[in-house]
Amino acid sequence: MVHPARFGFNPETAGSNAFQQSPQRGDGGGQDLAVEREFSALVGALRAAGVMVVVGEDTAFPAKPDAVFPNNWVSFHHDGTVVLYPMLAPNRRLERRDELIDVVRRAGPYRITRTIDLSGHESEGKYLEGTGSLVLDRSAHTAYACLSPRTDLDVLGRFAQQLDYELVTFDARDAQGVAIYHTNVAMAVGSRCAVVCTAAIREPQHRDAVTRKLRETGHEILEISFEQMQRFAGNVLELAGADGPLIALSTTAWGSLLPEQRQTLERHGEILQADIPTIERIGGGGVRCMLAEIHLPAPG
């Protein structure tokens, strides 16, 4: 996780992120206090549940309003690979900092064997924003991705080739027909459960391909509605807690779910809710977006 120094509404991302909302009158300094409280509470709740949390510090200059969402610029893999990703917004490219990777490496300590830097595709106008663009089933080596201005098919292909992943791609739009900016607001894949807004997948053959692959890999599918997706119910991440699987999501997301949907999630792990309304509203991202999960091996 990255502790934000200058969180705020990012006009460079607003055009492709329908989840972002402009600050309201009176946010001001209260916004900064709210974000600090929301971030610290999530870190504390995760640690209390037995999750090892590595916190890196953002720098105030230059301003990086979305630094709280590190999963978009970096991912860490079981074989020691670190992947750096091309970002659409120029001010988000500033978030890629070697010192933050060093913080992770030392914290484990972890072994990094190679770095795959895809950021050069920015010069071609082609982007792939980490595990926002990619929803990874790491066990089955399958990457789900909805194509958008932030998720380019050519860069997807390079990722898949370099890390030996099968791609399942599709077009996804919200109830108003607006392209969904990141795959991880429309779906999440855990070890045995997948949350999916299948109604957002436009083509029936693509919808069938997604659900078929999820069933083939042993996942129970939890369907969510457009309205629930808008409330970040698809922005969920399964983590390893002290007592087994932990399913992290926001109170906004949990509050949108029906009792039977909650029961489905509870069958697959302990629920950890985090109240992050300011980060969701102004940043346009949820709990999953705040977490860059670490799968690196130990030294040896």
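The values are calculated or read from the model by the stated rules, or taken from the named source; none is laboratory data. These numbers were taken from a predicted model, which means no experiment stands behind them. Reconstructed Cβ throughout: ideal geometry from the backbone, glycine too, with neighbour counts over all protein chains shown.
Here are some notes:
- Verdict on Glu166 being acidic (Asp, Glu), buried (at least 24 other Cβ atoms within 10 Å of the Cβ) and either at pLDDT 95 or above or farther than 22 Å from Ala248 by Cα (or both): no
- Scan the range 28-58 for residues that are modelled with pLDDT under 95 and surrounded by fewer than 17 Cβ atoms within 10 Å (Cβ to Cβ) and the total you get is 5.
- Positions within the range 269-292 being over 16 Å from the mean Cα position of the chain (by Cα), on the phi < 0 side of the Ramachandran plot and assigned to a loop (DSSP other than H, G, I, E, B), in sequence order: Asp275
- Of all residues making up the range 141-163, the number that are surrounded by 17 or more Cβ atoms within 10 Å (Cβ to Cβ) and outside any helix (DSSP H, G or I): 10
- Residue match in the range 239-248 (condition: outside any loop (DSSP other than H, G, I, E, B) and at positive phi): yes
- Output for the range 137-161, where each listed residue is free of Cβ contacts under 8 Å to residues at least 60 places away in the same chain and farther than 20 Å from Glu203 by Cα: His141, Asp154, Gly157, Arg158, Ala160, Gln161
- Here the condition is being surrounded by 14 or more Cβ atoms within 10 Å (Cβ to Cβ), in contact with a Lys or Arg (Cβ under 9 Å, 6 or more places away or on another chain) and in a loop (DSSP other than H, G, I, E, B); of Asp79, Asp66, it holds for Asp66 alone.
- Residue check, Phe7 part of a loop (DSSP other than H, G, I, E, B) and without any contact (Cβ under 8 Å) to a residue 12 or more places away in the chain: no
- Residue ID - farthest from Gly284 (Cα to Cα), chosen from residues in the range 177-220 that are in a loop (DSSP other than H, G, I, E, B) and basic (Lys, Arg): Arg192
- Of the residues making up the range 102-128, just one is within 16 Å of His77 (Cα to Cα), without any contact (Cβ under 8 Å) to a residue 60 or more places away in the chain and crowded, with 18+ Cβ neighbours inside 10 Å, namely Leu118.
- Condition broken by Arg215, with the remaining ones in (1) of a type in the set (Lys, Arg); (2) over 18 Å from the mean Cα position of the chain (by Cα); (3) closer than 25 Å to Asp66 by Cβ satisfied: (3)
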